[in-house]
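S.K.: Pasting a structure below so you can have a look.
The values are calculated or read from the model by the stated rules, or taken from the named source; none is laboratory data. Keep in mind the model is a prediction, meaning the values are calculated, not measured. So basically every Cβ, Gly included, is an ideal-geometry build from the backbone, and we count neighbours across all protein chains shown. To get the accessible areas, we keep the full protein, side chains included, count just its heavy atoms, and leave off ligands, DNA and RNA. Shrake-Rupley method; radii C 1.70, N 1.55, O 1.52, S 1.80 Å.
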Amino acid sequence: MQYARLDGETVTLVVGFVPDGHADLLYCGPRLDPVEDLAALRASGSFGAHESQPDAPPVGGLLPERKDGFAGPPAVELRYGGRQFSTDFRPVRCEANADRLTIEFADAGAPLSAELEWRIHAGDVIVSRVKLNNGGDREIAVDRLASLALPVPPRFDRITSYAGRWAGEMREDERGMGAHGFASRSRRGKPGFDGGNWLILGEAGGDAVIGMHLVWSGDYETVLEVDADGRAMLMIAAALEAGEMVIPPGGHCTTPAAVFAYAADRSMLAQSFHRYVRETILPDRRNWRARKVHLNSWEAIGFDMDAAKLIALAEEAATLGVERFVLDDGWFGSRRNDRSSLGDWTVSADVLPEGLDSLIDRIEGLGMDFGLWVEPEMISPDSDLYRAHPDWCLHEPRRERPTQRHQLVLDLSQPAVTDHLFGCLDALLSAHRIAHLKWDHNRDLFPAANIHGPAGYDQTLALYALIDRLRAKHRDVEIESCSSGGGRIDFGILSRTHRVWTSDNNDAIERLRINAAWAQFLPLEVIGSHVGPSANPITGRRLDMDFRAKAALFGHMGVEADPGAMTDAERAVLRAHIALYKDWRAVLHGGALFRLDHPDPGVSGLLAWHDASGLALATQSRFAPNHDVAPVRLAGLDPAKRYRVTLPEPWPGKASRYLADADGWRAGHILSGRVLMERGIALPLAHPETGWLIALERMDR
């Protein structure tokens, strides 16, 4: 056996391969000493054959196949002439350099080859891709081509997956891998609310974790199988319908990327992904601008809009310190409700008789810039566009066209469709001073087909091309990705946009859970996080403004409520928190994020640390069983350093009455990192819907 290793700053991967045999992952963990004996490493982690195995024990390896008795899922499933056939890929070349591992496989009995590439990026995140080449004279249909096949290191025996629904995204589900493993697949034409393409593997008795994700905005397939010997194989791939991907003679296809990262604990894993997103994924990172406070018009006025109401709303927003006014659904065509006009992207004279520029002038005069809601991929049957081009939507010939939210999906694989959409959006952005587009996507793809057959995969590629084309011409316009909230969040769409709308649910208790789950993979600056109204329109819950504002502060802060309907006291509290956000956003949006563990399941906490400053948020969402809740222990500090600790105001009204030494917390207490991490800070957190901010300044002298 020959060996290759890939080293990051903190991680090492070791691959063993037998030329004309197999390639397998031998080690994934903390960085090894450069002179580690790799042959001994393999021998120390291998078992001998037992009675119920083939005489040559099968190795799933990095490109698992059914040959040789491997009983797990194959990474490659192909068809010639409508019939599935087995592949026999064997490694013929393996190269490793400073940041890249490449293994070339050739099929022993067919004119096929495959190239697997693993490359280490910022944050020690490994990006995996597979390229499949058809060297024959017949076309090949691809039923599955996994972006990543990962032999799971044996000590990882737990899996954390995510499930959810509209307005209830990203619910963590942790369990043992069990005898039957895990499987998840989306069939919506987008990742959906289930979150099954985000996964974490963990140790039952330790903190180490491996996180992974498919960089793809269409359907995905995730399979984790555990065999009778306890060996686990995890695969993640873009889900394909029969006939959806065909490789012509002499052609090739390349999978979407999959990413994975090893880390010592959940906080370190989050920091790995955050660094990767900041340095590799986000568009125009070098021209990073402070994330402006948004006010979105939807919860304030919905479809009941006119110029006077919009101007009044903008005036109220400006008094709070809002920096961007976003005009949501209802500004175009005959769109007075959700039953018409998608596709007719012209300004409604009924809503804005003096035109869009008149409104933008007023908004800019108030010190804000302007954002606009669009849903380009959709079309209403009651629209001028549909009446002119009824066959521009996804549909199966001679079958009904079922709607969702009274709308259909445009077939982006048709060049005429994407040319038209580009023309509409380009005209809007060229004619008006629009700083931000909220790009929504509110309908599942069904049927995900056109006259040529299944079209979901091509739909995603065409979406990418459309956004890329638009961004190439309008580089200063920021784009937000929304899909009824968190229905389409992945690194593929994020590489083309600037932030994501993680949920339509602005209830602060729900958002604390939802945003904390997303923050495992996404840095805070891309997580749209708004202060909603009370009572909340989705949950009906009434929450104090102090709690709502603190929950929204840890993200890309905004407001989705009518300031004119708030009391003077509520506006004052919100204004103060917006000012705090502006003071701290460089820390929140540039720092390392730590999870704060607490014995009370109702208490949650995050700490952002950047340079010599840190800001933490500790919240209580339920009525605590004890009056004196356990102290909040901080994380990520230097035990030997001293820190000035203050509690930024405003404080939660009722809870602040129970705070010991209020004047001392205003002035600041000097404590060691060891005390802050081991003993913690006693905060009044007995009452539900209570939140405290904790500010830290490292004393370097």
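S.K.: So for the range 477-484 (the condition being assigned to a helix (DSSP H, G or I), in contact with a strand residue (DSSP E or B) (Cβ under 8 Å, 6 or more places away or on another chain), over 14 Å from residue 375 (Cβ atoms) and not β-branched (Val, Ile, Thr)), does at least one residue qualify?
M.R.: Here is the first cut: in the range 477-484, the ones assigned to a helix (DSSP H, G or I) are none.
No, the range 477-484 contains no residue that is assigned to a helix (DSSP H, G or I), in contact with a strand residue (DSSP E or B) (Cβ under 8 Å, 6 or more places away or on another chain), over 14 Å from residue 375 (Cβ atoms) and not β-branched (Val, Ile, Thr).
S.K.: While we're here: When the residues of the range 387-400 are filtered to those that are assigned to a loop (DSSP other than H, G, I, E, B) and within 31 Å of the chain's Cα centre (by Cα), which remaining residue is nearest to residue 444 (Cα to Cα)? Talk me through it step by step, then tell me what you get.
M.R.: At the first step, the residues of the range 387-400 found to be assigned to a loop (DSSP other than H, G, I, E, B) are 389, 394-400.
Add one more test, that the residue is within 31 Å of the chain's Cα centre (by Cα), and what stays is 394-395.
Working: 394: 11, 395: 13 Å.
In this case the residue turns out to be 394.
S.K.: Next question, about the same structure. Name the single residue, out of those in the range 245-280 being assigned to a helix (DSSP H, G or I) and in contact with a Lys or Arg (Cβ under 8 Å, 6 or more places away or on another chain), that is surrounded by the most Cβ atoms within 10 Å (Cβ to Cβ). Break it down into steps so the answer makes sense when it comes.
M.R.: We begin by selecting, within the range 245-280, every residue assigned to a helix (DSSP H, G or I); these are 266-280.
The next check asks that each one be in contact with a Lys or Arg (Cβ under 8 Å, 6 or more places away or on another chain); those that pass are 266-267, 270, 278-279.
Values: 266: 19, 267: 22, 270: 26, 278: 18, 279: 13.
Among those residues, the one meeting the criterion is 270.
S.K.: Among the residues of the range 591-612 satisfying the criterion of being out of contact with any Gly (no Cβ under 9 Å at 6 or more places or on another chain) and free of Cβ contacts under 8 Å to residues at least 40 places away in the same chain, which is nearest to residue 553 (Cα to Cα)?
M.R.: Per the criteria, the residue is 605.
S.K.: Additional query: So, in the range 470-494, of the ones that are surrounded by fewer than 21 Cβ atoms within 10 Å (Cβ to Cβ), basic (Lys, Arg) and within 23 Å of residue 277 (Cβ to Cβ), which residue ends up farthest from the chain's Cα centre (by Cα)?
M.R.: Here the residue is 475.
S.K.: Something else about it: If residue 242 satisfies all but one of (1) modelled with pLDDT of 95 or more; (2) open to solvent by 20 Å² or more (accessible area, probe 1.4 Å), what's the number of the condition it fails?
M.R.: (1)
S.K.: What number goes with the only condition from (1) out of contact with any strand residue (DSSP E or B) (no Cβ under 7 Å at 6 or more places or on another chain); (2) open to solvent by less than 20 Å² (accessible area, probe 1.4 Å); (3) of a type in the set (Lys, Arg); (4) farther than 26 Å from residue 385 by Cβ that residue 324 does not pass?
M.R.: The number of the failed condition is (1).
S.K.: Is there a residue being over 20 Å from residue 528 (Cβ atoms), outside any loop (DSSP other than H, G, I, E, B) and either under 27 Å from the mean Cα position of the chain (by Cα) or among the hydrophobic types (A, V, I, L, M, F, W, C) (or both) anywhere in the range 327-339? Walk me through it before giving the result.
M.R.: Narrowing the range 327-339 to residues over 20 Å from residue 528 (Cβ atoms): 332-339.
Adding the requirement that they be outside any loop (DSSP other than H, G, I, E, B) leaves 332.
Going one step further and asking which of them are either under 27 Å from the mean Cα position of the chain (by Cα) or among the hydrophobic types (A, V, I, L, M, F, W, C) (or both), we end up with 332.
Yes.
S.K.: Is at least one residue of the range 6-27 closer than 22 Å to residue 122 by Cβ and of a type in the set (Asp, Glu)?
M.R.: Yes.
Condition check ((1) part of a loop (DSSP other than H, G, I, E, B); (2) more than 22 Å from residue 325 (Cβ to Cβ)) across all residues:
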position: 412; (1), (2): yes, yes
position: 417; (1), (2): no, yes
position: 422; (1), (2): no, yes
position: 425; (1), (2): no, no
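S.K.: Right, next: Which one is surrounded by the fewest Cβ atoms within 10 Å (Cβ to Cβ), of the residues in the range 550-565 that are over 20 Å from residue 314 (Cβ atoms) and among the hydrophobic types (A, V, I, L, M, F, W, C)? Step through it out loud before you land on a result.
M.R.: So in the range 550-565, the residues over 20 Å from residue 314 (Cβ atoms) come out as 550-551, 553-555.
If we keep only those that are among the hydrophobic types (A, V, I, L, M, F, W, C) as well, we get 551, 553-554.
Working: 551: 29, 553: 23, 554: 29.
So the residue we want is 553.
S.K.: If we keep just the residues of the range 566-605 that are β-branched (Val, Ile, Thr) and open to solvent by less than 50 Å² (accessible area, probe 1.4 Å), which is nearest to the chain's Cα centre (by Cα)? Before the answer, list the steps.
M.R.: At the first step, the residues of the range 566-605 found to be β-branched (Val, Ile, Thr) are 567, 573, 578, 587, 603.
Applying the additional criterion that residues be open to solvent by less than 50 Å² (accessible area, probe 1.4 Å) yields 573, 578, 587, 603.
Numbers: 573: 30, 578: 25, 587: 21, 603: 24 Å.
Among those that are β-branched (Val, Ile, Thr) and open to solvent by less than 50 Å² (accessible area, probe 1.4 Å), it is 587.
S.K.: Let me ask another. When you scan the range 462-469, do you find a residue that is surrounded by fewer than 18 Cβ atoms within 10 Å (Cβ to Cβ), free of Cβ contacts under 8 Å to residues at least 24 places away in the same chain and not hydroxyl-bearing (Ser, Thr, Tyr), even just one?
M.R.: no
S.K.: Now, a different point. Working only within the range 353-374, note down all residues that are surrounded by fewer than 21 Cβ atoms within 10 Å (Cβ to Cβ), in a loop (DSSP other than H, G, I, E, B) and touching an Asp or Glu at 6+ places or on another chain (Cβ under 8 Å).
M.R.: Residues satisfying the conditions are 366, 367.
S.K.: Further question on the same structure: Can you tell me how many residues in the range 331-351 are closer than 16 Å to residue 297 by Cβ, in contact with an Asp or Glu (Cβ under 8 Å, 6 or more places away or on another chain) and open to solvent by less than 10 Å² (accessible area, probe 1.4 Å)?
M.R.: Qualifying residue count for the region: 3.
S.K.: May I pose another question? From the residues in the range 290-321 that are free of Cβ contacts under 8 Å to residues at least 40 places away in the same chain, out of contact with any Leu (no Cβ under 7 Å at 6 or more places or on another chain) and assigned to a loop (DSSP other than H, G, I, E, B), which one is most open to solvent (accessible area, probe 1.4 Å)?
M.R.: Start the filter on the range 290-321 by keeping residues that are free of Cβ contacts under 8 Å to residues at least 40 places away in the same chain, which leaves 297, 302-304, 308-309.
From what is left, the residues that are out of contact with any Leu (no Cβ under 7 Å at 6 or more places or on another chain) are 302-304, 308-309.
Subset that is assigned to a loop (DSSP other than H, G, I, E, B): 302-304.
Working: 302: 11, 303: 48, 304: 97 Å².
Here the answer is 304.
S.K.: Run down 146, 163, 106 and say which single residue is free of Cβ contacts under 8 Å to residues at least 40 places away in the same chain, farther than 21 Å from residue 8 by Cα and under 27 Å from the mean Cα position of the chain (by Cα). Steps first, please.
M.R.: Details: 146 fails: free of Cβ contacts under 8 Å to residues at least 40 places away in the same chain; 106 fails: under 27 Å from the mean Cα position of the chain (by Cα).
Within the list 146, 163, 106, the selection yields 163.
S.K.: Hey, could you check the range 5-23 for residues that are in contact with a helix residue (DSSP H, G or I) (Cβ under 9 Å, 6 or more places away or on another chain) and modelled with pLDDT of 95 or more and say which is surrounded by the fewest Cβ atoms within 10 Å (Cβ to Cβ)?
M.R.: Restricting attention to the range 5-23, the residues satisfying the condition of being in contact with a helix residue (DSSP H, G or I) (Cβ under 9 Å, 6 or more places away or on another chain) are 5, 8-11, 14, 16, 22.
Now narrow it down to the ones that are modelled with pLDDT of 95 or more: 5, 8-11, 14, 16.
On the way: 5: 18, 8: 19, 9: 10, 10: 16, 11: 23, 14: 22, 16: 22.
Going through the qualifying residues, I end up with 9.
S.K.: Right, next: Give the residues of the range 495-505 that are in contact with a helix residue (DSSP H, G or I) (Cβ under 8 Å, 6 or more places away or on another chain), of a type outside the set (Gly, Ala, Ser) and open to solvent by 10 Å² or more (accessible area, probe 1.4 Å), sorted by residue number.
M.R.: Pass one, the range 495-505, residues in contact with a helix residue (DSSP H, G or I) (Cβ under 8 Å, 6 or more places away or on another chain): 495-500, 502-503, 505.
From what's left, of a type outside the set (Gly, Ala, Ser): 496-500, 502, 505.
Those that are in contact with a helix residue (DSSP H, G or I) (Cβ under 8 Å, 6 or more places away or on another chain), of a type outside the set (Gly, Ala, Ser) and open to solvent by 10 Å² or more (accessible area, probe 1.4 Å): 496, 498.
S.K.: Does any residue in the range 231-249 that is within 12 Å of residue 140 (Cα to Cα) come within less than 8 Å, Cβ to Cβ, of a residue that is open to solvent by less than 10 Å² (accessible area, probe 1.4 Å) and part of a loop (DSSP other than H, G, I, E, B) six or more places away or on a different chain, and which pairs are these?
M.R.: Correct list of pairs: 244/455.
S.K.: How many residues are out of contact with any Lys or Arg (no Cβ under 7 Å at 6 or more places or on another chain), open to solvent by 50 Å² or more (accessible area, probe 1.4 Å) and part of a strand (DSSP E or B) when one looks only at the range 87-111?
M.R.: 4
S.K.: Go through the range 499-517 and give me each residue that's outside any helix (DSSP H, G or I) and either without any contact (Cβ under 8 Å) to a residue 24 or more places away in the chain or within 12 Å of the chain's Cα centre (by Cα) (or both).
M.R.: Of the residues in the range 499-517, the ones outside any helix (DSSP H, G or I) are 499-507.
Passing the criteria: 499, 500, 501, 502, 503.
S.K.: I've got another one for you. Tell me which residues, restricted to the range 222-231, are open to solvent by 10 Å² or more (accessible area, probe 1.4 Å), within 25 Å of residue 256 (Cβ to Cβ) and aliphatic (A, V, I, L, M).
M.R.: 223
S.K.: Only one of (1) touching a Leu at 6+ places or on another chain (Cβ under 8 Å); (2) loosely packed, with under 14 Cβ neighbours inside 10 Å; (3) basic (Lys, Arg) fails for residue 657. Which number is that?
M.R.: Looking at each condition in turn, residue 657 falls short on (1).
S.K.: Going by what's in this entry, would residue 525 be described as acidic (Asp, Glu) and either open to solvent by less than 10 Å² (accessible area, probe 1.4 Å) or in a loop (DSSP other than H, G, I, E, B) (or both)?
M.R.: On the way: acidic (Asp, Glu): yes; either open to solvent by less than 10 Å² (accessible area, probe 1.4 Å) or in a loop (DSSP other than H, G, I, E, B) (or both): yes.
Here the answer is yes, as residue 525 does meet what is asked.
S.K.: Any residue in the range 384-395 that is open to solvent by 70 Å² or more (accessible area, probe 1.4 Å) sitting within a Cβ distance under 8 Å of a residue that is hydroxyl-bearing (Ser, Thr, Tyr) and modelled with pLDDT under 95? List the pairs, counting only those 6 or more apart or interchain.
M.R.: No pair meets every condition.
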